[in-house]
Amino acid sequence: MKLNILWMYHDVMDLYGDKGNIKVLEKRCIDRGIDITIDTCGMNETCTLSNYDILFIGGGADKEQALLYKDLLSRKQAIEEAIQGNTFILLICGGYQFFGTHYIDNKGNIIEGLGLFDYYTQSSASVGRCIGNIAIEADLDGTLVKVVGFENHGGQTYNVATPFGKVLSGHGNEYKSSYEGFYNGQILGTYMHGPLLPKNPEVADFIIKKGLSRKHDNVELDALEDGMEHKAKEVILTRLNVI
Ligand code: GLN
């Protein structure tokens, strides 16, 4: 089997270990003998987004988001074509915010989003910044899984029709909110850095399967030895009193 990943804005959008998500996807494919290719796509580079099984964008501070949003908007049609072609998309924090209608930063600047979904984000100094470890119960197409991560965002995301999960501890889409992220079966946006995938191998495999399913039928993944990963997750769950 073959999996093609495109890591967009790899040199600009990368906070709190986000690049580790790519490392985890790579390692879990190599360990199973899955042929994996990881390409990058920076600002102003010509890239054919619809060639890929998975697109990934990490998080970035307001400054980085302001720097590159026009480049991203210029690729809106290409992103829509990739979505029509069943590419799976993983978005962390700033990347997640970009797929909504807009983000208003803490100086009141409006950073236009792709507007692919109706959610929007507003920085709110008066409410408070969402910082710290977070645990949620995510619904991975019918399978409920506890997922842990680290969040650090001023942006409060409103009007999310289909969240990624329910907050067990932490903030999520808004300060002290009940729900975290966005997931519609093909696009997964989350505030969870940390990075997300090393402590959540179920999510990593779920994404690998989604990506492989674009070109392969009835994908089954060999089990891997995940003892260390689950221990790391348990440490956070225990610390957050969520076990
Ligand atoms: N700049 C955005 C915010 O603070 C995103 C930050 C991030 O990607 N961690 O809401």
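Please state which one of 136, 187 is in contact with a Gly (Cβ under 6 Å, 6 or more places away or on another chain), away from the ligand (no atom under 12 Å from the Cβ) and closer than 28 Å to residue 53 by Cα.
Checking each option against the conditions leaves just 136.
Collect the residues in segment 142-166 that are away from the ligand (no atom under 16 Å from the Cβ) and more than 14 Å from the chain's Cα centre (by Cα), keeping them in residue-number order.
142, 143, 144, 145, 146, 161, 162, 166
Anything in segment 100-124 that is without any contact (Cβ under 8 Å) to a residue 12 or more places away in the chain and either within 19 Å of the chain's Cα centre (by Cα) or assigned to a strand (DSSP E or B) (or both)? List them, or say none.
If the condition is that a residue be without any contact (Cβ under 8 Å) to a residue 12 or more places away in the chain and either within 19 Å of the chain's Cα centre (by Cα) or assigned to a strand (DSSP E or B) (or both), then 110 is the only one that fits.
Please go through segment 11-40 and give me each residue that is buried (at least 19 other Cβ atoms within 10 Å of the Cβ), within 16 Å of residue 211 (Cβ to Cβ) and under 17 Å from the mean Cα position of the chain (by Cα), ordered by number.
Listed by number, the residues that qualify are 21, 22, 24, 25.
Quick one: which of 165, 194, 227 is out of contact with any helix residue (DSSP H, G or I) (no Cβ under 7 Å at 6 or more places or on another chain), at pLDDT 95 or above and under 26 Å from residue 121 (Cα atoms)?
Only one candidate qualifies: 165.
Those residues that are of a type in the set (Gly, Ala, Ser), within 16 Å of the ligand (Cβ to nearest atom) and farther than 23 Å from residue 132 by Cβ, I need them from segment 63-99; list them, please.
Listed by number, the list holds a single entry, 66.
Can you name every one of the strands (runs of 3 or more DSSP E) wholly within segment 132-243 that holds 1 or more residues which are surrounded by fewer than 18 Cβ atoms within 10 Å (Cβ to Cβ)?
The strands (runs of 3 or more DSSP E) meeting that bar are 143-153, 155-158, 165-169.
Within segment 118-130, does at least one residue satisfy the condition of being over 23 Å from residue 17 (Cα atoms), surrounded by fewer than 18 Cβ atoms within 10 Å (Cβ to Cβ), within 12 Å of the ligand (Cβ to nearest atom) and polar (S, T, N, Q)?
Checked against the condition, which is being over 23 Å from residue 17 (Cα atoms), surrounded by fewer than 18 Cβ atoms within 10 Å (Cβ to Cβ), within 12 Å of the ligand (Cβ to nearest atom) and polar (S, T, N, Q), segment 118-130 yields at least one hit.
Which of the residues that make up segment 20-62 are away from the ligand (no atom under 16 Å from the Cβ) and acidic (Asp, Glu)?
Once the filter is applied, which keeps residues that are away from the ligand (no atom under 16 Å from the Cβ) and acidic (Asp, Glu), segment 20-62 yields 26, 31, 35, 39, 45, 53.
Any residue in segment 199-209 that is within 18 Å of residue 91 (Cβ to Cβ), acidic (Asp, Glu) and out of contact with any helix residue (DSSP H, G or I) (no Cβ under 7 Å at 6 or more places or on another chain)?
No: segment 199-209 contains no residue that is within 18 Å of residue 91 (Cβ to Cβ), acidic (Asp, Glu) and out of contact with any helix residue (DSSP H, G or I) (no Cβ under 7 Å at 6 or more places or on another chain).
Any chance segment 36-49 includes a residue that's touching a Ser or Thr at 6+ places or on another chain (Cβ under 9 Å) and more than 27 Å from residue 121 (Cα to Cα)?
Checked segment 36-49: at least one residue is touching a Ser or Thr at 6+ places or on another chain (Cβ under 9 Å) and more than 27 Å from residue 121 (Cα to Cα).
The values are calculated or read from the model by the stated rules, or taken from the named source; none is laboratory data. All values reported here derive from a predicted model rather than from experimental measurement. Cβ: placed from backbone, ideal geometry, glycine included. Neighbour counts: every protein chain shown.
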